[in-house]
Amino acid sequence: MKPRVLKLFAQLDPKPEAIVIANSIDPHLDQTFFYLFDVPAGLFEGSIAIAHPDGELDVFSSPLEAETAHEAAKRDPHVAVHVAGRDETAAAARKLLGASTDLALNFRELTHEWFLRLDGSFPGAKWTDCSNAIRKARVTKDANEIELLRRASEIGSKVGREIPGMLRAGISELELAAEMEHQMGLHGASGRSFATIVAFGPHSAEPHYAPADTKLKAGDSIVCDFGAYYHRYASDITRSFHFGRRDDEMKQVHETVQKAQHAALGAVRPGVPSKEVHLAAAQVIDASPWKGRLTHGVGHSIGLVVHDGWAYGPTAEDPLEVGMAITVEPGIYLPGHGGVRIEDDIVVTKNGYEFLTTAPREYVEVPA
Ligand code: GLY
Ligand code: MN
Ligand code: MN
């Protein structure tokens, strides 16, 4: 996509003669390939995208997705598709680039194996790292990306509303995760955007817990952190529930997390150092009986992956910019007892922010 190629080159000074983005084998696919080449489906293992300073893009597609690649190129006059097998790709790219030696790579995503192959095919090449430029270009989203994120977030929100109806005594964390993922698929997701977190009881105090066979019982707090892929774009939402009668402490914990999120959202506007968003949430939590129990940064960017290259915490100076799509996800975690996290996806706007996710966030005791 020409505007995205130009946006990426605009971050580079001096500018390389070309940017080479190379996919290895799933899951070692560089999502920048799909940022530049707008193709809604397909793995494109071993494929390369070569971006030029004038905005043009050459794609060396694996033969396995040749038709999809050609279809996508028909929709974009600035993309030329060439089909090449895995062993021919580097040499074909070399031929296309002629005598160019000043080339940029995404050091953060390129596998070493791919680098050696490229280096062997480009004698005398001077490789530079453009991963920071990629992060900066991708961190603000264009209208098309925001629309896809909105759709991905709507799927997450629908499932967020459905979770109370899925809760029953004896269901396991893994079973609930499976039901949530099934529902995301029925609502139009092409997959889950990361391994679903479902945590019952004391497990809910571990932010990145992995679901297991633990069965739900009355009195458990529940953290569900999940997201959908829609046309390659990822949502990320967390909702916390309480099954049956919970102690008053967890009700207050929930309400404090909600207040913390509200405070964090109140700090969101362009130009604000992103740490201010974190600190607004931390201040609410640290003024409560659960001081220090926010144990992670309050958010990160979302996009073609759920952790889309940028995150913010108490020391993050990067200012918020219009078009950033980020999560705001404070939590309070009480080891051995339980936890609450509330996570929403938002997009930064001229005057503040818009929600992408919308499911209710309030304290709910689902009847056991
Ligand atoms: N889904 C992991 C996170 O919220 O960062
Ligand atoms: Mn999450
Ligand atoms: Mn998140």
Practice prompt. Test residue 49 against the criterion of being within 18 Å of residue 111 (Cα to Cα) and in contact with a helix residue (DSSP H, G or I) (Cβ under 8 Å, 6 or more places away or on another chain), and give yes or no.
Written response: yes
Worksheet, complete the sentence: Of (1) surrounded by fewer than 22 Cβ atoms within 10 Å (Cβ to Cβ); (2) more than 14 Å from ligand 2 (Cβ to nearest atom), residue 268 fails just (1)
Practice prompt. Could you identify the single residue in 263, 210, 280 that is of a type in the set (Gly, Ala, Ser), in a loop (DSSP other than H, G, I, E, B) and modelled with pLDDT of 95 or more?
Written response: 210
Worksheet entry | Residue check, residue 257 assigned to a helix (DSSP H, G or I), in contact (Cβ under 8 Å) with a residue 60 or more places away in the chain and either over 20 Å from residue 353 (Cβ atoms) or of a type in the set (Phe, Trp, Tyr) (or both) | no
Worksheet item: Among the residues of the range 104-116, is there at least one that is more than 18 Å from residue 1 (Cα to Cα), loosely packed, with under 14 Cβ neighbours inside 10 Å, acidic (Asp, Glu) and touching a residue at least 40 places away in the same chain (Cβ under 8 Å)?
Response: yes
Worksheet item: With (1) in a loop (DSSP other than H, G, I, E, B); (2) crowded, with 21+ Cβ neighbours inside 10 Å; (3) of a type outside the set (A, V, I, L, M, F, W, C) as the list, and residue 288 as the residue in question, which single condition is left unmet?
Response: (2)
Item to complete: Would you check which residues across the range 221-263 are touching a Pro at 6+ places or on another chain (Cβ under 6 Å), within 16 Å of ligand 3 (Cβ to nearest atom) and within 16 Å of residue 345 (Cβ to Cβ) and list them?
Response: 261
Worksheet item: Is there a residue in the range 301-311 that is over 13 Å from the mean Cα position of the chain (by Cα) and more than 11 Å from ligand 1 (Cβ to nearest atom)?
Response: no
Discussion item. Of all residues being under 22 Å from residue 180 (Cβ atoms) and hydroxyl-bearing (Ser, Thr, Tyr) in the range 235-256, which is nearest to ligand 2 (Cβ to nearest atom)? Just the residue, please.
Written reply: 238
Worksheet, complete the sentence: Of 73, 90, the only residue that is small (Gly, Ala, Ser) and modelled with pLDDT of 95 or more is 73
Worksheet, complete the sentence: The correct count of residues that are away from ligand 3 (no atom under 16 Å from the Cβ) and not in a loop (DSSP other than H, G, I, E, B) in the range 187-196 is 1
Worksheet entry | Residue ID - surrounded by the fewest Cβ atoms within 10 Å (Cβ to Cβ), chosen from residues in the range 235-250 that are away from ligand 1 (no atom under 13 Å from the Cβ) and outside any helix (DSSP H, G or I) | 245
Worksheet item: Only one of (1) assigned to a loop (DSSP other than H, G, I, E, B); (2) in contact with a Ser or Thr (Cβ under 7 Å, 6 or more places away or on another chain); (3) modelled with pLDDT of 95 or more is not met by residue 309, so which one is it?
Response: (3)
Worksheet entry | residue 178 being surrounded by fewer than 20 Cβ atoms within 10 Å (Cβ to Cβ) and outside any loop (DSSP other than H, G, I, E, B) | yes
Item to complete: Could you tell me which of the residues 141, 136 is within 16 Å of the chain's Cα centre (by Cα), farther than 20 Å from residue 240 by Cβ, crowded, with 21+ Cβ neighbours inside 10 Å and of a type outside the set (Phe, Trp, Tyr)?
Response: 141
Item to complete: Please tell me if residue 271 is away from ligand 1 (no atom under 16 Å from the Cβ) and out of contact with any Cys (no Cβ under 6 Å at 6 or more places or on another chain).
Response: yes
Practice prompt. For residue 294, indicate whether it is surrounded by 17 or more Cβ atoms within 10 Å (Cβ to Cβ), under 29 Å from residue 106 (Cβ atoms) and within 16 Å of ligand 3 (Cβ to nearest atom).
Written response: no
Discussion item. Given the criterion farther than 26 Å from residue 4 by Cβ, surrounded by 22 or more Cβ atoms within 10 Å (Cβ to Cβ) and acidic (Asp, Glu), identify the matching residue among 329, 365.
Written reply: 329
Fill in: Conditions (1) surrounded by 15 or more Cβ atoms within 10 Å (Cβ to Cβ); (2) touching a Gly at 6+ places or on another chain (Cβ under 9 Å): number failed by residue 3
(1)
Item to complete: Collect the residues in the range 197-220 that are more than 16 Å from ligand 3 (Cβ to nearest atom) and within 20 Å of residue 164 (Cβ to Cβ), keeping them in residue-number order.
Response: 200, 201, 203, 211, 214, 215, 216, 217, 218, 219, 220
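The values are calculated or read from the model by the stated rules, or taken from the named source; none is laboratory data. Here the structure is a predicted model, which means the values were calculated and not measured. Because the Cβ atoms are built from the backbone with ideal geometry, glycine has one as well, and the counts that use them run over all protein chains shown.
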